[in-house]
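The values are calculated or read from the model by the stated rules, or taken from the named source; none is laboratory data. Source: prediction; values computed, not measured. Cβ placement follows ideal geometry from the backbone for every residue including glycine, while neighbour counts extend to all protein chains displayed.
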Amino acid sequence: MKTDRSTKIILTVIAFALVANLIGSVLTPSKVHAGWGAKYEDIQMVGLGNIFFDKKTGDIWIYSGDNLNVLSHYKLIELGKDLQKVSGK
């Protein structure tokens, strides 16, 4: 029957389109934002989450694991050079 063949062709095209969509989303996942807004978009969490790095200013904050007080604050002036201590222990 002609309708049976055309239905199979349409379903096959839909299946290939779904697989292509799945492969595309796996290879290039979309960015996820935490909802902090533009104020913190250059802040990156490093390691287990107690170190934060500001890509725009070069500031590095290290927080304690228990009460999240700032332990140290450094500034990255130039790659390959020592960090400049701003505050902390």
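When residues in the stretch 57-71 are screened for being more than 15 Å from residue 45 (Cβ to Cβ), modelled with pLDDT under 85 and not hydrophobic (A, V, I, L, M, F, W, C), 4 of them pass.
Within the stretch 10-51, being at pLDDT 75 or above and in a loop (DSSP other than H, G, I, E, B) holds for one residue alone: 50. The conditions of being on the phi > 0 side of the Ramachandran plot and out of contact with any helix residue (DSSP H, G or I) (no Cβ under 9 Å at 6 or more places or on another chain) are not met by residue 65.
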